[in-house]
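The values are calculated or read from the model by the stated rules, or taken from the named source; none is laboratory data. This structure is a prediction, so every number in the text was calculated from the model and none was measured. Cβ atoms come from the backbone with ideal geometry, glycine included; neighbour counts cover every protein chain shown.
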2 protein chains.
Amino acid sequence: MVDSTPSTSTVSRTLLLLLRVLTFVFLLIALILIAVDKFTDEDTGDKTKFNDVYAYRYMLSTIVLGFAYTLLQMAFSIFTVVSGNRVLSGDGGYLFDFFGDKIISYLLLSGSAAGFGFSVDFHRLDNSINSFVGKANASASLLLIGFLFTAIASTFTSFALPKKSNT
Amino acid sequence: MVDSTPSTSTVSRTLLLLLRVLTFVFLLIALILIAVDKFTDEDTGDKTKFNDVYAYRYMLSTIVLGFAYTLLQMAFSIFTVVSGNRVLSGDGGYLFDFFGDKIISYLLLSGSAAGFGFSVDFHRLDNSINSFVGKANASASLLLIGFLFTAIASTFTSFALPKKSNT
């Protein structure tokens, strides 16, 4: 009688796992794009890397943290789907999911917004670094999509709160 | 028998109202700070206003939207405290609070992050506009505090979801 309500619960579990996998893929590509982003000035030969821009450095940190969290949640989800039991039993699991998704989604959004905040105006001021800013923008866009998936997952885990034993 | 559980419910209602008032105050000051932010170049006489920077323009939009939402929620809260009834009865009220707080907190955070993303790097590149960037940073900081209060309110309204009739 462990899995007494397979219909709703299994559907939302599978949907959550799908959202994690999608977040994982988008964050991975965002990570690669920002990490390899560099620019060489043709006149002076100066090299600019992503870590010369504080906004991009912050963006990379949020991607790495979000990536680690999503990996952990994927491992938990796969364990749950395979074994039928939650890794964190009792209320702890629901609270971990709720606060984890909430905090990580805020983190991912702030990284993406900081990246765009720098890129949009810097690009208007200096057109010569098109490809550098372009790649960073692509990374920020993928990060934004990763945020959206995490925000949807966060809505799911908020609605799962009533399943806690004490409301 | 309308107000059968005054203890928990009244405490969280009052706390929520307090969070709304604090958000309101911080967003109001943030709004004034960014709206009056301007800079005149001493050599060329060029005037720069906040709306010349796209990141600051976006920041102002998020402040205005957050401000309007907080005002509405304050009006709802005061009505509820005074009359003892919720403005939106049934599940609608809980869902409005939940999604409203969630979306507005994301919006406020993205505005603050975009502002900082521009300011931090731009300030390193051009030190001559210290006071202009400084005032925008002050506004972004207050916006960030406004976001924190809304994020706390969002946690409250997520935990209130079990009060919906159908879980």
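Considering each of A:Ser112, A:Ser131, A:Ser158, A:Ser139 in turn, give the residue that is surrounded by 24 or more Cβ atoms within 10 Å (Cβ to Cβ), over 11 Å from the mean Cα position of the chain (by Cα) and not acidic (Asp, Glu). First the steps, then the outcome.
Details: A:Ser112 fails: over 11 Å from the mean Cα position of the chain (by Cα); A:Ser131 fails: surrounded by 24 or more Cβ atoms within 10 Å (Cβ to Cβ); A:Ser158 fails: surrounded by 24 or more Cβ atoms within 10 Å (Cβ to Cβ).
So the residue among A:Ser112, A:Ser131, A:Ser158, A:Ser139 that is surrounded by 24 or more Cβ atoms within 10 Å (Cβ to Cβ), over 11 Å from the mean Cα position of the chain (by Cα) and not acidic (Asp, Glu) is A:Ser139.
Kindly indicate the residue of segment A:85-105 that is surrounded by fewer than 23 Cβ atoms within 10 Å (Cβ to Cβ) and among the hydroxyl-bearing types (Ser, Thr, Tyr) and also modelled with the lowest pLDDT among those meeting that condition. Filtering first and then ranking leaves A:Ser89. Looking across segment A:16-34, the residues that are farther than 30 Å from A:Tyr94 by Cα and buried (at least 16 other Cβ atoms within 10 Å of the Cβ) come down to A:Leu33, A:Ile34.
Check A:Phe122, A:Phe76, A:Phe116 and return the single one that is farther than 30 Å from A:Glu42 by Cβ and aromatic (Phe, Trp, Tyr). I'd like the intermediate steps shown before the answer.
On the way: A:Phe122 fails: farther than 30 Å from A:Glu42 by Cβ; A:Phe116 fails: farther than 30 Å from A:Glu42 by Cβ.
From the options A:Phe122, A:Phe76, A:Phe116, the qualifying one is A:Phe76.
Of all the residues in segment A:51-95, those that are more than 14 Å from A:Thr23 (Cβ to Cβ) and under 16 Å from the mean Cα position of the chain (by Cα) number 6.
Taking the criterion of being without any contact (Cβ under 8 Å) to a residue 12 or more places away in the chain and closer than 30 Å to A:Phe122 by Cβ, would at least one residue in segment B:85-93 satisfy it? Within segment B:85-93 (the criterion being without any contact (Cβ under 8 Å) to a residue 12 or more places away in the chain and closer than 30 Å to A:Phe122 by Cβ), the answer is no, since none of the residues qualifies. For B:Val120, the criteria (1) away from chain A (no Cβ under 12 Å); (2) assigned to a helix (DSSP H, G or I) hold in every case but one, which is (1). All of (1) over 19 Å from B:Phe147 (Cα atoms); (2) within 14 Å of chain A (Cβ to nearest Cβ) hold for B:Val81 with one exception: (2).
When we screen B:Ala55, B:Ala75, B:Ala140, B:Ala68 for residues that are in contact (Cβ under 8 Å) with a residue 60 or more places away in the chain, assigned to a helix (DSSP H, G or I) and farther than 23 Å from A:Ile145 by Cα, the only hit is B:Ala140. Being more than 11 Å from chain A (Cβ to nearest Cβ) and farther than 14 Å from B:Phe24 by Cα is the requirement here; does B:Lys102 meet it? No: the conditions fail for B:Lys102. Do we have any residue at all in segment A:145-165 that's facing chain B (nearest Cβ under 9 Å), in a helix (DSSP H, G or I) and within 30 Å of A:Phe39 (Cβ to Cβ)? Yes, the conditions are met somewhere in segment A:145-165. A:Val133 meets each of the listed conditions (1) within 14 Å of another protein chain (Cβ to nearest Cβ); (2) among the β-branched types (Val, Ile, Thr); (3) in contact (Cβ under 8 Å) with a residue 60 or more places away in the chain apart from (3).
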